[in-house]
1. Specify which of the listed residues (Ala34, Ala51, Ala24) is surrounded by 23 or more Cβ atoms within 10 Å (Cβ to Cβ) and over 19 Å from Asn278 (Cα atoms).
2. For region 336-353, which positions are assigned to a helix (DSSP H, G or I) and within 26 Å of Arg25 (Cα to Cα)?
3. I'd like the full set of residues that are more than 19 Å from the chain's Cα centre (by Cα) and surrounded by 14 or more Cβ atoms within 10 Å (Cβ to Cβ), limited to region 233-261.
4. Could you list, in sequence order, all residues of region 185-232 that are over 20 Å from the mean Cα position of the chain (by Cα) and on the phi > 0 side of the Ramachandran plot?
5. Before we move on, is Ser293 under 15 Å from the mean Cα position of the chain (by Cα), in the same structural domain as Leu190 (by TED's automatic domain parsing), more than 14 Å from Val224 (Cα to Cα) and of a type in the set (Ser, Thr, Tyr)?
6. With the condition kept exactly as written, say whether any residue in region 315-335 is in a helix (DSSP H, G or I), closer than 15 Å to Leu280 by Cα and in contact with a strand residue (DSSP E or B) (Cβ under 6 Å, 6 or more places away or on another chain).
7. Could you please let me know if Pro316 is surrounded by fewer than 24 Cβ atoms within 10 Å (Cβ to Cβ), out of contact with any His (no Cβ under 7 Å at 6 or more places or on another chain), at pLDDT 95 or above and not small (Gly, Ala, Ser)?
8. Look at region 108-128 and say how many of its residues are in contact (Cβ under 8 Å) with a residue 12 or more places away in the chain, farther than 23 Å from Phe276 by Cα and part of a helix (DSSP H, G or I).
Amino acid sequence: MVEALLLSQFLDIGGTERQIAEVARALPRHGVRAAVASLRPGGMRARELKAAGVEVLCFEVRSFVKPSLLPPARALYRFVRERRIQVVHAFDPPAAVFATPLAKLAGVPLVLSSMRGERGFLPAKMQRALQMTDRIVDGIVVNCDFLRQELLTRYRVPAAHLDICYNGVDRAIFQPGPRQRPPELAEASLVVGCVAALRPEKSILTVIQALAKVNHPGVKLVIVGSGPDEPRLRAEAESNGLLAQGRCLFIPSTPEVAKWNRAMDIFVIPSLTEAFSNSLLEAMSSGCAAIGSRVGGIPELIADGQTGLLFEPGNPVSLAVAIEKMASDAPLRARCIAAAEERIAREFTMDASAAAMADIYTRRLAKR
């Protein structure tokens, strides 16, 4: 059994946190026993992991200023040495900056980092720090080919340094079934939905502006998420008459994402930047017809006209056309849903993701 330590800054709500927790639970079936560590204490995923019998640690890092960093650094160094950890894998940039130099210093045989989003959107200091960790680690795991190409071309990371492990979805939770409308959506003929952090780069504004242009009768929009962009989004929905008409519903961030996915007929991911989206993967696994912006790793999940529809990012007219097309063509929706479900069941289960990650660990360890 390979002994691994997986690290993330947080173990709470979030795509990376969900992936690290679910992969850690699935890895033992593929010959890897993983402990999971965070740089901040507590969180929903930490509680889930403990309940599942996975060892959870916290090397609390509040600042990267040297004196405050010494106690958690010593604790991590001692842990990997005493437990003879064979793989240290940092799943996000703060964890990589903290853990990978220490793991190398401690003599861990295989030290990996991950890139799960576009590096260019990180603060400049973090980008510079990651360019240093690129030279320290034995490999970088990305979750889509888009990020692989970005690291190859923009950051000149050698191809041999890169592995792809696509995100996986828990099909026991995110599964297709009858559309289940909450009372607020009971009168809708069709529900268009988004699940996202309400930040500018997620471009939820584009969905609101697009829905205002859609004339399909009885279509309602539900936006599930919280964030700094919410006041602006509510103002836009108000100015377009969507709130007054009862055509737009805002739901705060919730762990009950699967329930809301089953309330949606059409799921829209309108991001201006995106790697490999967990929310899109979960919605497609839940039987939603998918519409996504043509950016990043979204086209690796949505084959236009086959598993969903693509539109031009930031363009509400292009999105409105796609929504009208999907809303008015029930056979198209059914074909896209069926094709997406078949592909996800074949390629993007959580067990497939864990198997791919375990293969990366064992294959790279064999080369050490």
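The values are calculated or read from the model by the stated rules, or taken from the named source; none is laboratory data. Worth saying up front: this structure is predicted, and the values here are computed from it rather than measured. Positions of Cβ are backbone-derived with ideal geometry, glycine not excepted, and every protein chain shown enters the neighbour counts.
1. On the way: Ala51 fails: surrounded by 23 or more Cβ atoms within 10 Å (Cβ to Cβ); Ala24 fails: over 19 Å from Asn278 (Cα atoms).
Result: Ala34 is the single residue among Ala34, Ala51, Ala24 that is surrounded by 23 or more Cβ atoms within 10 Å (Cβ to Cβ) and over 19 Å from Asn278 (Cα atoms).
2. Let us first name the residues in region 336-353 that are assigned to a helix (DSSP H, G or I), namely 336-347, 350-353.
Across region 336-353, the qualifying residues are Ala340, Glu341, Glu342, Arg343, Ile344, Ala345, Arg346, Glu347, Met350, Asp351, Ala352, Ser353.
3. Taking region 233-261 as the starting set, the residues that turn out to be more than 19 Å from the chain's Cα centre (by Cα) are 233-251.
Selection gives Leu233, Arg234, Glu236, Ala237, Asn240, Leu242, Leu243, Arg247, Cys248, Leu249, Phe250, Ile251.
4. Gly218
5. Working: under 15 Å from the mean Cα position of the chain (by Cα): no; in the same structural domain as Leu190 (by TED's automatic domain parsing): yes; more than 14 Å from Val224 (Cα to Cα): yes; of a type in the set (Ser, Thr, Tyr): yes.
No, not satisfied.
6. Here is the first cut: in region 315-335, the ones in a helix (DSSP H, G or I) are 316-328, 330-335.
Okay, now just the ones that are also closer than 15 Å to Leu280 by Cα, so none.
No, there is no match, as no residue in region 315-335 is in a helix (DSSP H, G or I), closer than 15 Å to Leu280 by Cα and in contact with a strand residue (DSSP E or B) (Cβ under 6 Å, 6 or more places away or on another chain).
7. On the way: surrounded by fewer than 24 Cβ atoms within 10 Å (Cβ to Cβ): yes; out of contact with any His (no Cβ under 7 Å at 6 or more places or on another chain): yes; at pLDDT 95 or above: yes; not small (Gly, Ala, Ser): yes.
Yes.
8. Qualifying residue count for the region: 0.
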